[in-house]
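Asker: Okay, handing you the structure first.
The values are calculated or read from the model by the stated rules, or taken from the named source; none is laboratory data. Computed from a predicted model, the values in this text were never measured in an experiment. Heads up, the Cβs are rebuilt from the backbone with ideal geometry, glycines too, and the neighbour counts pull from every protein chain shown. Note: accessible area is taken over every heavy atom of the protein model, side chains too, but ligands, DNA and RNA are not part of it. Shrake-Rupley method; radii C 1.70, N 1.55, O 1.52, S 1.80 Å.
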Amino acid sequence: MDSEDEPLLLQGTWNLSEFEEQEEEEEEEGEGEGGTEQPAGNEQVCKGLWWAFGWVYTQPWASGLVLAMGFLVPFALSAYMFLRCEPLDIDLSYSAFEVRSHASAERFDALTIAVKSQLGSWDRHRRDAEGFDLEANALRDLFLLMVNRKGKDVSTVVNVTEPAGILGQTETGAHNDNRQKRRFAGYSYLQTQALWRIELVFVAQGDKDNNIFTPERLHTIHHVERLLMQHPQFQQFCWKPLEMLRDLPLGPSFCSPPSSLLSYLFPSERGGKIYYDGMGPDLADIHGALSLAITHPQFYWYVDETLTPDKLQSSLLRSEIHFGAPLPSFYSLQDRPLEQRRLFRDFVVQYADILSQQSTSKVKVLYGGTELFDDEVRKTFHSDMLLALFSGGCITVLVYVLTSFSVFLTFFGLASIGLSCLMALFLYHVVFGVQYLGILNGVAAFVIIGIGVDDVFVFISTFRQSAHLTCSMQRMIYTIKTAGRATFLTSFTTAAAYAANTFSQIPAVHDFGLFMSLIVSCCWLWVSILMPAALCIWSQCGAAHANTSPLAVSTEGSVGVVSARLQKLLRHWVAEPVVEKRKTIIGVYVLVLLGSVWCCCLLRPASHAPVLFHRDTNLQRLLDLRSNLSAQGIACHMCSGGSSKHRCWSVYSSGGLLTVYVFKLELGSAVPLYRYSLSASVPGPWQASSSTHGDVPFFQAYSSPHSNFSTRMSVCVSHAYHPRPRWMLTLRSCDASRRWRSEFDFYVASVEQQHSRRVKLYFAQHTISPYSSRVCEGPPGCVFSSGPDGPTQGSFYAPLPVKISRTSGFNPCSGGQCGKPAVRPLVDTGAMVFVVFGILGINRTQRSDNHVIGDLGSVIYDPDFDVFNEIGHLCKLCKAISANTKLVKPGGAQCLPSGNSLTSILPLLHPECHSLPEPNLLPGQLSHGAVGMQGGRVHWISMAFESTTYKGKSSFQTHSDFLQWESFLQKQLASLPASSALRRGFQTCQHWKQIFMEIIGVESALYSLLLSLAICIASVAVFTAHLLLLLPILLSILGMVCLVVAVMYWLGWEMGAVEAISLSILVGSSVDYCLHLVEGYLLAGDSSIQRQTRTLEAADHVGVAIVSSAVTTVISTVPLFFCVIVPFAKFGQIVAINTAISIGFTLTVTTALLATMGPGDFTRPPRAVLKAALVVLIVGVCGGVLWWTGSQFAPDTLI
């Protein structure tokens, strides 16, 4: 509905007979009602309603009152809405596009509600850190009861002689907790429960072979993880599990390090032991560390699916940093939970700026997780919305210029648009009862600026062009009638195009269509009310005389210098050549139409999942990668090396340099004891030897012969003949006959080494009890006897003491100690399909809307479902489905809520339950299978299967997988007895909801396109009231839409939900310009001139207006190009493309068609509109009846 209505730049050459006829009819009606005429100058002013409008809008005080009420009413209603009504929620979630009324959504929602009612939350049954599953134990006890009733022996069943086990485990856990509390009495138990997390994904880039396990990339990842832990507030929010108390390098805070494979690759060393906590500064041997890590099934959670034990390469690496609750100054998780969440949110969003700067040419750092991802989405949305300010600024400048630099008209013109937004919001929220604003509604901030300003221009231009009317009341009535009718037609078609989307089943699209249709309608109404009042005050307060006194003098002045020149250019370079070569242009139009139709046929459905953000953004890349990663419901906070059984590793067996530490014990006598150890810490009362008095605190040696360092020395220890152990250094073997035994050996040099860094040390054994050996830097005080050097006295050369990293290049698998690689577990990389029995559907009769937020409804259970009667069929179905390798991954069948206890009992109930497939799960992860019990009865059961469906495929490609699942399951259910309640079972999956969201979105958008086309055809038919005027508009619209779709094909786009929704409004916006041209053709009607001349007159007067309208529309949508949110950007691009094509078609094709087939003597008599409306009504009723009849015979499908 674009600005369009400068077509109403009516001048003295226009045919005003139609308006005169209407005024005469209104005068006659006024006389018939007893009205009186009041002359104004030499003109007669009509009576009735139009006279009332004219009188109000010619009195400054009345116009001022209208302006005041125009401001007061929206503000008052808005105040009521914000203060007294429920607040509007901003729904930026992806789930806002889910179709809740579709069968796939109803099925999954029914299962979700059933699970929540049974367990309290959807994910609680999927992983239980305490190691037991309440529902599995309850079901086991129920099965045992049935087995006992059948009189079968259950003594061989595993763990059935124990009680449910919950109480015993709880007591044991409490005992262990108390023991740990006594051991760590000074430890704070705040932040011990993992509640929040930051999810990190490091993606290799920059190489052909993008392997993340290279030293450069691993050092980058290690730097990022350490950087996050160095945040000043990290210790206030970090997770502090009791398991971390065993990791000495983590003291004194004992914050849990990141859950990452870097715990193996960057271990730390303390006290001669290696801790796999990722806190070390040096990189271990990559292959050895990965060989150790892959022995744990949790390893596969961190890498992509291409990694195998034979090829330890991955394109990405996952990591998680967990944060604990309750926070300091809070007693528990339930203590002010919202305040705890707010404090964490304020803290964690600080990481966004840090992480956004950590990517390198080799590693792309992606980040998300609790609060951080949502905050990133909100910031992106708000930053895109700020672009509307730029659009508004450009439009403000344009309005200011085109209103002859009138601040007064600029202010009230823009104010009328803003007030209409408040009115539309009130109607949307209060009257229609919609509680949510979706992400698509943000487009309104851009579009309404261009639409509203166009209406403002029409009123200002029409008022200026009516300066030839000397009576102020007649001039105002003419302005209201002419501009109001023109803007009404264009606003109606645009609003109808948006309103057609309200028939969509997608909540976000429905709400978007409703909101846009309301805002367009309110904009027309408020501009029509306020602008005449503003023009009245402006014209009578001197501004009009100062700015527009030349307007009444000349035609050029009446339209402005710029407009006059543009009008001449359009006539000379566009209108006249088009009319002259109209047959050629029509021929080119036919060729373009055929080519466009051919390109439309080549446009393919989307081949990938919907894109919400630019491809290179953190948000979109993280969303794309989630198709390759495990499901978010699987938490792996205990998957890293810090939680594994190999979390601590001795370094005694490592080769290369050793550090021999010297400890000293003063006994109060003249001869102290010396102790030698490879560990940096030993029990008290031993103390590290100092460097005073010639003592050596430590020295280095080799663990094996190395170059000239080939002299072996032994450290011997004896516990005999003395109350304390004694240590001795010797060049010989330890003398067992004297109770000396070897503790460890090392290698040094006996002669000075050339070109090597070494130090000479002296050693000697004291000749006085307790006969301990001492190492020192020089002979004074170190050599205890004057005899020659011997096995226990002398000197040696050791490597210079340098700081040796025990973890650098450390290979824990050097001796083949790591074991076999673990089998890849089930980590939900495929779509999880649930086969459900005992649930008939969902009851949503209490819900009045189709939105995703709020109460989902209640479950309808199958009263005939009896798990004991159907147990054989259930086991048979489980085996049949798991055996279908085309649908189910190996090890992906999860028929039971939990593991071995039920597996051992079920064969006693039915022979079919022998050898049920066992799922390959992560340690500690419970089955996705679920069961609903209440009052000792099983109400429903669901079996879970990880399908082979890749979640990164497009919805149209994935739809075939859904059909295969549906047909296979129905075939299996059909083979069951007719009396079986299992025949009413169904399969459902969260991924099915997402694919139908896009499929239905595209289909509903195309239906909306057809509906808006029908509405526009009906509107234009009523307006033109002539077939030869309707036909050029229809042909123009057909060419415009086809060419826009062809341009989408040339740009490489595919038909997805965003493109389809954008196309659905094209008809309404395409009809505006050609409709204005046809209106100009009617107003320029004169039976004495030919259709070519009449077309030139229409183009001459309307061309400037529609070109100005196109400019304002493009200016308002260009900022959308730069939005990060792809639906915004695509919408802006399509609207801009459509605007350019529409103005081009209007100035060429519509002009040529009017000059060729337009009726030369048609002037649209008043009764012609009524006749056309009657014909359109009859055709519409017949079409509706035919559609309803066809829908009754159409087959019902899930789609």
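Asker: Report the net charge of residues surrounding Pro685, where surrounding means a beta-carbon distance below 15 angstrom and charges are Lys +1, Arg +1, Asp -1, Glu -1.
Answerer: Residues close to Pro685 contribute a combined charge of +2.
Asker: Can you give the direction-averaged projected area of the convex hull of the alpha-carbon atoms in region 950-1058, in nm²?
Answerer: If I average the Cα hull's projected area over directions, I get 11.1 nm².
Asker: Provide the FRET efficiency to the nearest 0.05 for the Phe405-Leu1177 pair, computing r from the beta carbons and using R0 = 41 Å.
Answerer: 0.30
Asker: Once the piece of chain linking Gln1090 and Ser707 is laid out straight, how much longer is it, given 0.36 nm per residue of separation minus the C-alpha distance between them?
Answerer: Taking 0.36 nm per residue and subtracting the Cα distance, the gain is 126.8 nm.
Asker: For a Förster distance of 35 Å, can you work out the FRET efficiency between the beta-carbons of Leu665 and His223, rounded to the nearest 0.05?
Answerer: Calculated transfer efficiency: 0.25.
Asker: Keeping the other protein chains in place, figure out the carbon and sulfur percent of the accessible area of region 938-991, with a 1.4 Å probe. The partial results should precede the final answer.
Answerer: Details: 1070 of 2030 Å².
Percent of accessible area from carbon and sulfur atoms in region 938-991: 53.
Asker: Which of Lys886/Lys993; Lys364/Lys993; Lys116/Lys240; Lys364/Lys886; Lys889/Lys951; Lys379/Lys953 have a Cα-Cα distance over 24 Å?
Answerer: Where the Cα-Cα span goes over 24 Å, the pairs concerned are Lys364/Lys993; Lys116/Lys240; Lys364/Lys886; Lys379/Lys953.
Asker: Still on this model: About the Cα centre of region 252-330, how large is the charge dipole given +1 on each Lys and Arg Cβ and -1 on each Asp and Glu Cβ? Please answer in debye to the nearest 20.
Answerer: My answer is approximately 180 debye.
Asker: First compute the accessible area of region 255-364 with a 1.4 Å probe, then give the percent of it belonging to carbon and sulfur atoms.
Answerer: Its accessible area is 48 percent carbon and sulfur atoms.
Asker: Give a quick list of chymotrypsin sites (Phe, Trp or Tyr not before Pro) in region 666-738 that DSSP marks as loop, anything other than H, G, I, E or B, with at most 11 other Cβ atoms within 10 Å. Could the numbers behind the result be given before it?
Answerer: Numbers: sites: Tyr674, Tyr676, Trp686, Phe698, Phe699, Tyr702, Phe709, Tyr721, Trp727; in loops: Trp686, Tyr721.
Qualifying residues, ordered by number: Tyr721.
Asker: Report ³J(HN,Hα) in whole Hz for each residue of region 60-73, in order, from the Karplus equation J = 6.51 cos²θ - 1.76 cosθ + 1.60 where θ = phi - 60°; Gly and Pro get x.
Answerer: 3J(HN,Hα) across region 60-73, in whole Hz: x, 5, 5, 5, x, 5, 5, 4, 4, 5, x, 7, 5, 4.
Asker: Between Thr308 and Gln964, take the C-beta separation as r, use R0 = 25 Å, and let me know the FRET efficiency to the nearest 0.05.
Answerer: Efficiency computed from Cβ-Cβ geometry: 0.35.
Asker: Further question on the same structure: Solvent-accessible area of Lys568, probe 1.4 Å, all protein chains present, reported in Å² to the nearest ten, please.
Answerer: Around 130 Å² of this residue is reachable by solvent.
Asker: Nothing charged except the Cβ atoms of Lys and Arg (+1) and of Asp and Glu (-1): what's the magnitude of the dipole of region 962-1094 about its Cα centre? Round to the nearest 20 debye.
Answerer: Numbers: 6 positive and 8 negative charges, 100 e Å.
Rounded to the nearest 20 debye, it is 480 debye.
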